[in-house]
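The values are calculated or read from the model by the stated rules, or taken from the named source; none is laboratory data. On a predicted model such as this, the values are computed, not experimentally measured, just so you know. For neighbour counting, all protein chains shown are included, and Cβ atoms are generated from backbone atoms with ideal geometry for every residue, glycine included. Each accessible area value is taken on the protein alone, full model and side chains, heavy atoms only, with ligands, DNA and RNA left out. Shrake-Rupley method; radii C 1.70, N 1.55, O 1.52, S 1.80 Å.
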Amino acid sequence: MTPAEPLYLVIMILTGAFTGIISGLLGVGGGFVMTPVQYWLLQETGLQPDLAIRVALGTSLFVILLNSISVALKYHQKHAVQWKQATIMGITGSIFSFGGAAVASQLSASTLSTIFGIVVIIGALRTYLAPAVRESEISTNPALYILAGIFIGFFSGLLGIGGGVIALPIMLIFLHFGMRKAVGTSSAVIMFTSFGGSIGYIVNGMDQPGLPPYSLGYINLIDWILLAVPGFLAARRVAEVAHLINPEHLKHLFVLLMIYIGLKMIGFF
């Protein structure tokens with residue numbers, strides 16, 4: 001299979017659209033969907049697994065950057081973004097996201113995919129136990145938000161995800177967010193972390209031999225367009241109506257997606 005074949009194009013476009021849908025619904029970047037799909041497709045084109053996983057991670061983060069901006073603005077209109085908290089976590093996260101990307105450039109494909117799967121499953125299980133609607137006040141301790149940003153940012157860069165699958169459980173469990181504000185604020189945090197991580201994958205992938213054509217470091221611009229355009233359009237549309245959906249239903253959808261993707265990356269299926 002080559003990037004010019006119709007099947008490749010269709011799979012990438014549909015993946016981008018689906019990523020946009022879950023991004024708009026759940027305030028997650030969607031890297032846990034895009035990364036496995038790209039990893040498989042890039043290997044089908046003949047790319048070595050270690051290069052394929054890094055290109056998949058870097059390209060996913062760059063797509064997430066565009067989606068997160070769109071979604072955050074829509075949730076802001078619904079007064080569901082805590083910008084002060086998002087900025088603290090986001091700035092801290094963007095710094096550590098760059099570091100995570102640097103670490104990822106040194107690890108093997110099997111190690112990265114296993115770490116990816118384990119982190120996603122742990123996040124899913126913890127999220128399931130957290131209430132979707134909170135009566136208590138959101139935490140105001142800046143130190144907690146800095147710590148959250150470090151954790152979210154590092155794993156965002158390491159795993160090629162915006163950080164939503166990590167940010168949501170942290171906000172629901174430790175920072176006492178309700179589901180709606182967690183989704184909105186998560187999308188704002190992802191703007192920062194995906195930017196820092198994208199820069200990390202560009203810098204660490206520069207002059208790397210064997211990359212696909214039209215690559216900027218570990219970011220492939222052709223795949224980025226195929227994923228980003230339908231994802232951006234879908235994310236904007238879905239974010240407009242997401243506030244009408246029961247928060248508990250949103251949480252369960254998020255948990256099911258995370259468990260499936262996590263098990264698949266570990267190699268369970």
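For the residues Gln106, Gln77, Gln82, the requirement of being in contact with a Lys or Arg (Cβ under 9 Å, 6 or more places away or on another chain) and open to solvent by 30 Å² or more (accessible area, probe 1.4 Å) singles out Gln82. Please go through the range 23-74 and pick out each residue that is of a type outside the set (S, T, N, Q) and in contact with a Lys or Arg (Cβ under 8 Å, 6 or more places away or on another chain). The answer is Gly24, Pro36, Val71, Lys74. Of all the numbered requirements in (1) modelled with pLDDT of 85 or more; (2) closer than 21 Å to Ile190 by Cα; (3) open to solvent by 50 Å² or more (accessible area, probe 1.4 Å), Leu57 misses one, and that requirement is (3).
Residue-by-condition table, conditions (1) at pLDDT 80 or above; (2) farther than 22 Å from Ala239 by Cβ; (3) not in a helix (DSSP H, G or I):
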position	(1), (2), (3)
Gly99	yes, yes, no
Val103	yes, yes, no
Ile150	yes, yes, no
Gly162	no, no, yes
Met171	yes, no, no
Ala188	yes, no, no
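Figure legend. Inter-residue proximity from the range 199-221: first residues touching a residue at least 60 places away in the same chain (Cβ under 8 Å) and closer than 16 Å to Met34 by Cβ, second residues crowded, with 21+ Cβ neighbours inside 10 Å and basic (Lys, Arg), beta-carbon distance below 9 Å, spacing 6+ or different chains. Indicated pairs: Tyr201/Arg54; Tyr218/Arg54.
For every residue, the table says whether it meets (1) open to solvent by 40 Å² or more (accessible area, probe 1.4 Å); (2) assigned to a helix (DSSP H, G or I); (3) closer than 30 Å to Ala143 by Cα.
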position	(1), (2), (3)
Gly157	no, yes, yes
Val165	no, yes, yes
Arg180	yes, yes, yes
Val183	no, yes, yes
Phe195	yes, yes, yes
Tyr201	no, yes, yes
Ile225	yes, yes, no
Phe232	yes, yes, no
Ala235	no, yes, no
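Of the residues Ser70, Ser113, Ser139, the single one that is surrounded by fewer than 24 Cβ atoms within 10 Å (Cβ to Cβ), outside any helix (DSSP H, G or I) and modelled with pLDDT under 90 is Ser139.
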